[in-house]
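One structure is given here, and the rest of the page talks about it.
Derivation of every value follows stated rules applied to the coordinates shown; laboratory data play no part. Here the structure is a predicted model, which means the values were calculated and not measured. All Cβ positions, even for glycine, are placed from backbone atoms using ideal geometry, and neighbour counts span all protein chains on display.
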Amino acid sequence: MFVRIVLIAAVAVLAWSAMARSSNAHGAKHVVTVHPYETLWTIAERRYGGDVRDAVWRIERANRLHSANVRVGQRLVLP
């Protein structure tokens, strides 16, 4: 009887893992293209609420930027 219960549980776990989908727990990532006269500050200010400095830091980190300098046409992932 115990073997049967373990076997049923194993099959259930296997079926569940085969059907698992991404939960998008972090939400969808948005990509923006830098336009003339835009800065990380203006992008962060427009897209996020709260402390803009924190939003700039998150954008820098998500895009592996070494500074806040961006160029026109550059595509940025917004976390």
Computed FRET value (nearest 0.05) for S17 with R64, which takes r as the C-beta separation and R₀ as 30 Å: 0.40
For the Cα atoms of the chain, what angle does the longest principal axis make with the long axis of helix 52-62, in degrees from 0 to 90, nearest 10? 60 degrees
Amide H of N63: which non-local residues (sequence gap of 5 or more, or other chain) have their own amide H closer than 5 Å, using H built in the peptide plane? none
Where does the chain land at 222 nm, in deg cm²/dmol rounded to the nearest 500, when only DSSP H runs of n ≥ 4 count, each adding -39500 (n - 2.57), divided by all residues? -14500 deg cm²/dmol
What is the P(r) of the chain, as percent of Cα-Cα pairs per 10 Å bin from 0? 16, 35, 14, 11, 13, 10, 3, 0
Degrees separating the helix 2-19 axis from the principal Cα axis of the chain, which is the longest one: 30 degrees
12 Å beta-carbon shell around I43, net charge (K/R +1, D/E -1): +1
